[in-house]
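Q: I have a structure I would like to understand better, so I am pasting it below and will then ask my questions one at a time.
The values are calculated or read from the model by the stated rules, or taken from the named source; none is laboratory data. Please read all numbers here as calculations on a predicted model, not as lab measurements. With ideal geometry, Cβ positions are generated from the backbone for all residues, glycine too; neighbour counts draw on all protein chains shown. Ligands, DNA and RNA are excluded from the accessible area calculation, which covers all protein heavy atoms including side chains. Shrake-Rupley method; radii C 1.70, N 1.55, O 1.52, S 1.80 Å.
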Amino acid sequence: VTFVSRVLSSFGENASDLDKAAAALDIGSNYELIRRLEPFVRDKTDDFVAFVQAVRQSVEQQLPELVPHTREIIAFLCAYYGVYE
C-alpha cells in the first residue's frame, strides 16, 4: 500500500472543518496528524476496538481542539494503518 501525504486545503470555501481546525494547530498535512498521534496508537493496530479507543483518547488528551472531528480522524487513521472491524 502506498500512502501519499496531502497538504491540507487552504482556508477557502472547499476546506473542511477538520482541515481548518488542524491548520489552526499548525498541523499542515495528514502525515503531520499521523505523526502527532502515532506514539499513542501504533501498538493497537491488531485490535479494532482498542485502536479506536486509543485514537479517541489520544485526540482528547493531545489535541482536544480536534475532538469534534474524532470520527473523521478515526476513519482516516483506520485507513492509514489498515485497521478494520
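Q: Among the residues in segment 57-66, are any open to solvent by less than 10 Å² (accessible area, probe 1.4 Å), among the polar types (S, T, N, Q) and either at pLDDT 95 or above or over 16 Å from Ala21 (Cβ atoms) (or both)? Working first, answer last.
A: Going through segment 57-66, the residues open to solvent by less than 10 Å² (accessible area, probe 1.4 Å) turn out to be 58-59, 63, 66.
Still in the list and also among the polar types (S, T, N, Q): 58.
If we keep only those that are either at pLDDT 95 or above or over 16 Å from Ala21 (Cβ atoms) (or both) as well, we get 58.
The answer is yes, given that some residue of segment 57-66 is open to solvent by less than 10 Å² (accessible area, probe 1.4 Å), among the polar types (S, T, N, Q) and either at pLDDT 95 or above or over 16 Å from Ala21 (Cβ atoms) (or both).
Q: Any chance you could count how many residues in segment 39-53 are surrounded by 14 or more Cβ atoms within 10 Å (Cβ to Cβ) and either more than 20 Å from Ala22 (Cβ to Cβ) or charged (D, E, K, R) (or both)?
A: The initial filter retains those residues of segment 39-53 that are surrounded by 14 or more Cβ atoms within 10 Å (Cβ to Cβ), namely 40-41, 44-45, 50-53.
Okay, now just the ones that are also either more than 20 Å from Ala22 (Cβ to Cβ) or charged (D, E, K, R) (or both), so 44-45, 50-51, 53.
Qualifying residue count for the region: 5.
Q: Could you go through segment 35-45 and let me know if any residue there is more than 20 Å from Tyr84 (Cα to Cα) and of a type in the set (Val, Ile, Thr).
A: No - not one qualifying residue is present in segment 35-45.
Q: Now for a different question. Contact list please: Cβ distance under 8 Å, first residue in segment 41-52 and under 13 Å from Ala79 (Cα atoms), second residue part of a loop (DSSP other than H, G, I, E, B) and modelled with pLDDT under 95, pairs at least six apart or on different chains.
A: Every condition considered, the pairs that remain are Phe48/Tyr84; Phe48/Glu85.
Q: Can Glu32 be described as in a helix (DSSP H, G or I), charged (D, E, K, R) and out of contact with any strand residue (DSSP E or B) (no Cβ under 8 Å at 6 or more places or on another chain)?
A: Working: in a helix (DSSP H, G or I): yes; charged (D, E, K, R): yes; out of contact with any strand residue (DSSP E or B) (no Cβ under 8 Å at 6 or more places or on another chain): yes.
Yes: the conditions hold for Glu32.
Q: Checking Glu72 against (1) at pLDDT below 90; (2) surrounded by 13 or more Cβ atoms within 10 Å (Cβ to Cβ); (3) among the charged types (D, E, K, R), which test does it fail?
A: (1)
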